[in-house]
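See below for the structure under consideration.
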Amino acid sequence: MLTKNTLRSFQNKSVFSILAVQAKRLKLLLIMLARNIELAVKAHIHHKHTNYDQLLSNGWERTEARSAVTEKLSQIVREWSRK
């Protein structure tokens, strides 16, 4: 037989289970948001703070151009991270 205490226990576990699932979803969304922001900032740096676009216009392949500006990109990311 189910008592009031048993029912409350089941209800509380259900609420905690739902909260745990929602917390995991929120954490995943925050991780995804952080990654998207990181990618957007790096794209901005590529196009506005390196000669990446110039290399592309001179016929370089994207992978080659990215490799050529990797050190500059990393330097700027480090500088901005300190601010």
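What follows draws every value from the coordinates through simple rules; no lab data is involved. What you see is a predicted model, and the numbers here were worked out from it, not measured in a lab. Please note: Cβ atoms are built from the backbone with ideal geometry, for glycine as well, and neighbour counts cover all protein chains shown.
Per-structure values
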| quantity | calculated |
| --- | --- |
| Relative contact order computed over region 27-82 (Cα-Cα under 8 Å; 6+ residues apart), in percent | 32 |
| Environment charge of residue 34, counting only residues whose C-beta is closer than 14 Å and scoring Lys/Arg +1, Asp/Glu -1 | +2 |
